[in-house]
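To start, the structure itself, in structure tokens.
The values are calculated or read from the model by the stated rules, or taken from the named source; none is laboratory data. This one's a predicted model, so the numbers in the text were calculated from it and none came from an experiment. Using ideal geometry, Cβ is built from the backbone for each residue, glycine included, and neighbour counts are taken over all protein chains shown.
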Amino acid sequence: MSDKEVTVFTHPTRRQALTLMMAAGSAGLFMPNILGKGEAQAAPPAKPTGKVIIGFSQEPTVFNPHMPHIEVDEGVSFSIFDPLFGIGPDGSFYPALAREVPSVENGGISADGLTWKIKLRDDVKWHDGKSFTAEDVKFTLELLVDPNFRSWRKTGHEHVRELTVVSPTEITWKMAAAFAPYASILAATFIVPKHAFDGVADKNTAPFNNAPIGTGAFKWVNRVAGDHIELEANADYFGDGPYLERVIYKYIPDLTVLYTQFKTGDIDVIGLQYITPDHYDEAKSLDGKKVNVVPMATVESFSFNMEKPQFKDPAVRKALYAAIDKQTIIDALYYGLPTPTESYMPQQSFYYNPDLPKHEYNMETAEKLLDDAGWELGSDGIRAKDGIKLSFTNSTTAGNHIREQVQQYLQQSFKELGIEMKISNLPPAVMWGDYWMMSQFDSVVVGINFLTGADPDTSDYMRSTSSAAKGGAGQNTWQYANPTVDKLLEEGGTIFVPEERKKIYFKIQETVRNDLPLLPLFQYATVRGHKAGVDGVEPNINVRIDSWNVASWYWAS
């Protein structure tokens, strides 16, 4: 897939630069509508009808969208909550709770990017019947930077100053500094109700966190832990839809069982983590099913906890990378579907650096790196240096059989070098809870979409202050710290012209590729599937989960 065409001004004015900032798709990711392409769709029903069962391989467990969470939790959040404005498959923003997407042209953003004014809809109700107002927006933006709240993201929001509720339908604020990624961050920021936290001493343990109240197309009904979550249509929804009476998110951790239930019709849409490549040939010929290969922004990696003594030596990280035969893994286990990569940046992005050093699988190189760095073989066959053994655990989601095969393959390769890798896989709710978020692991095999919408900023993942284990807010679970990257991320956030920003993010990718806090394996190519009767399912490379537009889904027959 080629980069989307970019419009660049030779000598941009500040106004033109801010216009470009709001046109995220002009320098972001582009995803064609490849599901149902060229097919006529039936009109949606006049009122909500039927239910859809969506199969997820991981269990959503975080229902306050502003607490630390992973992609699967956003699957539910998109159903229950709304942002001020969202981002579509083509990278353009669309209004949601806001009446219009703010821009320089409509007066929503000042020409210098420092003053924001958001006009809100006046016809929105929370699921409990109370009116949505600008007070809720103010509360949400303040909650994200509350030092007593376990916020999943402070990046961008920490620049907000002078939040002012002008009226129930208008809010303004100042930015301490113009920040180019902030539009994309807002598009990924769900608004929560202020009144749900009134009188709550500790917002981290509010009742809301287990029974969320939103403005979205579907309302919370119940959760059966370890099995499913049930939502019902919001009859008072302000937008188009919903067209379904019920949505069930069913949790099926074993990917083979997940596929089998899709094949037999027990689930209607196979979501995270989709159909495994070894089932693709069969799946694409199933009667009554629509199955397509869809590229994602997610990158699979072998990731390190950089605070573990085994991984502080860069020679160890480089040796492990040299010992990974990633092309064989892609061909033999993933049936050649994913694309190998050297970057965390998706290859469809305007900011992707194609000139990074190419990985070379070479066991002799790996052995020499370790020898030269002084990692000597012990009598037990395991290398050691300065009393530290080259032994560690590697974890991923239990039940992901292809990842488990990858682990076994790597375990044998590393053993040939005198490296002991012990496999310790965990149920999803445990694996991606504090074990991941608070950096309690040694190493993991994980897939991550590092971007926010189409914006290239990765401060949440790579800034040294974004490590929750060190008291920060963000998802730098690697505990990666490089002053050069910190400085470049700060600089990149102040530049609004894509061509100029590109230089910064190219350099960040070069630095990360050299440091190797994570070993990039491949960019996802997922096999998606749904029953032929479900209309409205549309991939969106600019979000982290496929149920982003479930309000638009309906049964056509």
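Here no strands (runs of 3 or more DSSP E) wholly within the stretch 175-274 include at least 2 residues being aromatic (Phe, Trp, Tyr) and in the same structural domain as Ser79 (by TED's automatic domain parsing). Each residue in the stretch 287-307 was checked for being in contact (Cβ under 8 Å) with a residue 60 or more places away in the chain, outside the structural domain of Arg513 (by TED's automatic domain parsing) and not in a strand (DSSP E or B), and 1 of them qualify. Of the residues making up the stretch 105-120, those that are surrounded by 17 or more Cβ atoms within 10 Å (Cβ to Cβ) and either within 18 Å of Gly86 (Cα to Cα) or hydroxyl-bearing (Ser, Thr, Tyr) (or both) number 7. Scanning the stretch 455-485 for residues that are surrounded by fewer than 23 Cβ atoms within 10 Å (Cβ to Cβ) and among the β-branched types (Val, Ile, Thr) yields a total of 3.
Report yes if some residue within the stretch 39-46 is surrounded by fewer than 22 Cβ atoms within 10 Å (Cβ to Cβ), modelled with pLDDT of 90 or more and outside any loop (DSSP other than H, G, I, E, B); otherwise report no. No, the conditions are met nowhere in the stretch 39-46. For the stretch 68-100, filtered to residues that are touching a helix residue (DSSP H, G or I) at 6+ places or on another chain (Cβ under 7 Å) and not in a strand (DSSP E or B), the residue that is farthest from Ala176 (Cα to Cα) is Ser79. Is the stretch 503-526 home to any residue that is closer than 27 Å to Lys318 by Cβ, among the hydroxyl-bearing types (Ser, Thr, Tyr) and either crowded, with 18+ Cβ neighbours inside 10 Å or free of Cβ contacts under 8 Å to residues at least 24 places away in the same chain (or both)? There is at least one residue in the stretch 503-526 that is closer than 27 Å to Lys318 by Cβ, among the hydroxyl-bearing types (Ser, Thr, Tyr) and either crowded, with 18+ Cβ neighbours inside 10 Å or free of Cβ contacts under 8 Å to residues at least 24 places away in the same chain (or both). Pick from the stretch 202-238 the residues that are small (Gly, Ala, Ser) and at pLDDT 95 or above: which of them is farthest from Ser547 (Cα to Cα)? That would be Ala206. Step by step: first the residues of the stretch 117-165, then only those that are under 27 Å from the mean Cα position of the chain (by Cα) and of a type in the set (S, T, N, Q), then the one that is farthest from Ile70 (Cα to Cα). Which residue is that? Here the answer is Asn148.
Pairs are defined by a Cβ separation below 7 Å, a sequence spacing of at least 6 or placement on different chains, a first member in the stretch 248-277 that is in contact (Cβ under 8 Å) with a residue 24 or more places away in the chain, and a second member that is among the small types (Gly, Ala, Ser) and part of a helix (DSSP H, G or I); the pairs so defined are Tyr249/Gly75; Gly271/Gly75; Leu272/Gly75; Ile275/Ala283. Scanning the stretch 111-121 turns up one or more residues that are in the same structural domain as Ala178 (by TED's automatic domain parsing), over 26 Å from Pro193 (Cβ atoms) and modelled with pLDDT of 95 or more.
Exactly one residue out of Val160, Val200 is touching a strand residue (DSSP E or B) at 6+ places or on another chain (Cβ under 8 Å) and more than 19 Å from Phe93 (Cα to Cα), and it is Val160. For the stretch 308-334, the candidate set comprises residues that are over 24 Å from the mean Cα position of the chain (by Cα) and not in a helix (DSSP H, G or I); within that set, the residue that is surrounded by the most Cβ atoms within 10 Å (Cβ to Cβ) is Ala323.
Across the stretch 47-62, the qualifying residues are those that are buried (at least 19 other Cβ atoms within 10 Å of the Cβ) and assigned to a loop (DSSP other than H, G, I, E, B), and the one among them that is modelled with the highest pLDDT is Pro48. Within the stretch 452-480, residues that are under 18 Å from Ile495 (Cβ atoms) reach partners that are of a type in the set (Phe, Trp, Tyr) and outside any loop (DSSP other than H, G, I, E, B) with beta carbons closer than 8 Å, at six or more positions or on different chains, in the pairs Pro456/Tyr505. Here Thr164 passes the criteria (1) of a type in the set (Ser, Thr, Tyr); (2) surrounded by fewer than 20 Cβ atoms within 10 Å (Cβ to Cβ); (3) in contact with an Asp or Glu (Cβ under 8 Å, 6 or more places away or on another chain) except the one numbered (3).
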